[in-house]
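Trainee: Below you will find the structure I want to go over with you.
The values are calculated or read from the model by the stated rules, or taken from the named source; none is laboratory data. These numbers were taken from a predicted model, which means no experiment stands behind them. When we count neighbours, we look across all protein chains shown, and the Cβ atoms used for this are built from the backbone with ideal geometry, even at glycine. Note: accessible area is taken over every heavy atom of the protein model, side chains too, but ligands, DNA and RNA are not part of it. Shrake-Rupley method; radii C 1.70, N 1.55, O 1.52, S 1.80 Å.
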Amino acid sequence: MDKMNNTYFPDNKYYEAQPTWYLIDAKNKNVGRIATAIARILIGKNKSSYTPYINTKNHVIITNSKYVIMSSGDEKIYFRNSRRPGGLKKESFNQLKLRLPNRIIEHAVKGMLPKNRLGRILFNNLKVYSGDYHPHSAQTPIEYKLDKIK
Amino acid sequence: MTRVKRGNVAIKRRKKILRLAKGYRGSHSKLFRIANQQVMKALKYAYTGRKLKKRNFRSLWIIRINAALRQKKLKYNSFISMLKKQNIGLNRKVISQLAVIDNETFDWLIEKVKK
């Protein structure tokens, strides 16, 4: 009887024994749209036992990150600064896609995760690969479909 | 005026506060004047915390219900409107607990609501 009356909170180590791996193909998908879905999975909001302070051990594998799309591809600029005078570096989406395609999705998802200790740990559960191959077949990832629910 | 000694009135008032300050670090649990400030802060946080607790739990229940519904291709907003139309008075706490503990009843509820 008390089980229903007191809100369920899993153990801190509840998810250690059962991490779930998801596989998402980023080919011809819009960056922002997949990034929101990824962040939602990493935070654990697709599981009904979601708890805000626990790492739900949802791992996400992204493949084909070099084929990802942004409609304003040449206008989107990525900035970084070396903290020295005149050290502001700019790179457009298309240029960064040629140089380091994984960084585009990582940058987008990092901005959507919570900016705290747990958020930084969750980011480590994201694995991005530029091609079709990923070395995590031993974790038997589940294919995740990015459908919208009407 | 007859002579009045102050007795232990002040001590009792201060001990009352110091009892609430048990476990605080350093002189915050030993010296009245400092402990008084910390106890005032603590009581203020307890007051606002009681109100925040209600908000936070409701938000947690809503997130959990949404997560469970989206696995069944439903959304929280449409689910709640269907509940209201059918006059089902279950609150979010109960529904979220069903989603976590009693999956069969949760599925039954969804079927009942979809009609």
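Trainee: Out of all the residues in the stretch B:34-68, which are over 23 Å from A:M4 (Cβ atoms) and aliphatic (A, V, I, L, M)?
Mentor: Of everything in the stretch B:34-68, those that are over 23 Å from A:M4 (Cβ atoms) and aliphatic (A, V, I, L, M) turn out to be B:I34, B:A35, B:V39, B:M40, B:A42, B:L43, B:A46, B:L52.
Trainee: A follow-up question, please. Give the residue, chosen from A:E143, A:E75, that is loosely packed, with under 13 Cβ neighbours inside 10 Å and more than 20 Å from the chain's Cα centre (by Cα).
Mentor: Result of the check over A:E143, A:E75: A:E75.
Trainee: Ok, one more. What do you reckon, is A:N30 of a type outside the set (K, R) and under 29 Å from B:K93 (Cα atoms)?
Mentor: Against the criterion (of a type outside the set (K, R) and under 29 Å from B:K93 (Cα atoms)), A:N30 does not qualify.
Trainee: Is one or more of the residues making up the stretch A:79-94 within 18 Å of A:Y129 (Cα to Cα) and within 14 Å of the chain's Cα centre (by Cα)?
Mentor: no
Trainee: If you go through the stretch A:1-21 one residue at a time, how many are touching a helix residue (DSSP H, G or I) at 6+ places or on another chain (Cβ under 8 Å), more than 21 Å from A:N124 (Cβ to Cβ) and in contact (Cβ under 8 Å) with a residue 12 or more places away in the chain?
Mentor: Residues flagged as touching a helix residue (DSSP H, G or I) at 6+ places or on another chain (Cβ under 8 Å), more than 21 Å from A:N124 (Cβ to Cβ) and in contact (Cβ under 8 Å) with a residue 12 or more places away in the chain within the stretch A:1-21 amount to 1.
Trainee: Any idea which of (1) open to solvent by 100 Å² or more (accessible area, probe 1.4 Å); (2) modelled with pLDDT of 95 or more is the one B:S59 doesn't satisfy?
Mentor: Every condition holds for B:S59 apart from (1).
Trainee: Let me ask something else about it. Across the stretch A:45-69, which residue is farthest from the other protein chains (Cβ to nearest Cβ) among those that are open to solvent by less than 10 Å² (accessible area, probe 1.4 Å) and closer than 13 Å to B:L60 by Cβ?
Mentor: A:I54
Trainee: So if I check each of A:K115, A:K127, A:K110, which one is among the basic types (K, R) and out of contact with any strand residue (DSSP E or B) (no Cβ under 9 Å at 6 or more places or on another chain)?
Mentor: When all the criteria are applied, what remains is A:K115.
Trainee: Select from the stretch A:27-36 the residues that are touching a residue at least 60 places away in the same chain (Cβ under 8 Å) and of a type in the set (K, R) and write down the one among them that is surrounded by the fewest Cβ atoms within 10 Å (Cβ to Cβ).
Mentor: Residue satisfying both the conditions and the ranking: A:R33.
Trainee: Can you pull out every residue in the stretch A:1-46 that is closer than 19 Å to A:N102 by Cα and assigned to a loop (DSSP other than H, G, I, E, B)?
Mentor: A:A26, A:K27, A:N28, A:K29
Trainee: Taking the stretch B:64-115 on its own, how many of its residues are in a helix (DSSP H, G or I), open to solvent by 70 Å² or more (accessible area, probe 1.4 Å) and more than 8 Å from chain A (Cβ to nearest Cβ)?
Mentor: Total satisfying the criteria: 9.
Trainee: Might you check whether a residue that is in a loop (DSSP other than H, G, I, E, B) and surrounded by fewer than 16 Cβ atoms within 10 Å (Cβ to Cβ) occurs anywhere in the stretch B:44-52?
Mentor: No, every residue in the stretch B:44-52 fails to be in a loop (DSSP other than H, G, I, E, B) and surrounded by fewer than 16 Cβ atoms within 10 Å (Cβ to Cβ).
Trainee: Select, from A:I41, A:I24, A:I62, the only residue that is in contact (Cβ under 8 Å) with a residue 60 or more places away in the chain, hydrophobic (A, V, I, L, M, F, W, C) and closer than 30 Å to B:L90 by Cβ.
Mentor: None of the others qualify; the one that does is A:I41.
Trainee: Determine whether A:A39 is away from chain B (no Cβ under 11 Å), crowded, with 20+ Cβ neighbours inside 10 Å and small (G, A, S).
Mentor: In short, yes.
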